[in-house]
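Worksheet: one structure, shown below.
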Amino acid sequence: MEKTLNRIHPVSDPEATYFLQVSWEKDLGSGIGLLLSDCQCAWTGTVSEADISREAADIEMDREKYVEELRKALIAQEESAGKYNFVIS
């Protein structure tokens, strides 16, 4: 299993700092686990392979392109700095 951990500052609360851990088995397209923490509370969730396919279809995006965008937004922080925003709700 591979994991990454990134610090994020959501646009919904720019003064706050959160940590986002993303974990996956083969690649992001096979499903991901998420853990979000503000160092006081933590929230976990999973996104299945079917969920990823459904989301790509819902926004009419090629599935491979969608997985690449997920990678950029959730993992490749240096490569995508300033291109993606997070909103915590």
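The values are calculated or read from the model by the stated rules, or taken from the named source; none is laboratory data. Bear in mind the structure is a predicted one, so any value in this text is a computation, not a measurement. Heads up, the Cβs are rebuilt from the backbone with ideal geometry, glycines too, and the neighbour counts pull from every protein chain shown. What goes into the accessible areas is simple: the full protein's heavy atoms, side chains included, and nothing from ligands, DNA or RNA. Shrake-Rupley method; radii C 1.70, N 1.55, O 1.52, S 1.80 Å.
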Positive end of the dipole of the chain, charges at C-beta (+1 Lys, Arg; -1 Asp, Glu), about the Cα centre: which of L28, V87, C39 has its Cα farthest in that direction? C39
If I take all pairs of Cα atoms in the stretch 2-79, what percentage of them are more than 15 Å from each other? 59
Longest segment of the chain with no trypsin sites (Lys or Arg not before Pro) in a DSSP loop having at most 15 other Cβ atoms within 10 Å? 27-82
In straight Cα distance, which aspartates and glutamates are under 17 Å from K65, not counting same-chain residues fewer than 8 positions off? D27, E49, D51, E55, E79
Out of the total accessible area of the stretch 13-89 (probe 1.4 Å, heavy atoms of protein only), what percent is carbon and sulfur? 50
Excluding ligands, DNA and RNA, what is the solvent-accessible area per residue of the chain at a probe of 1.4 Å, expressed in Å²? 68
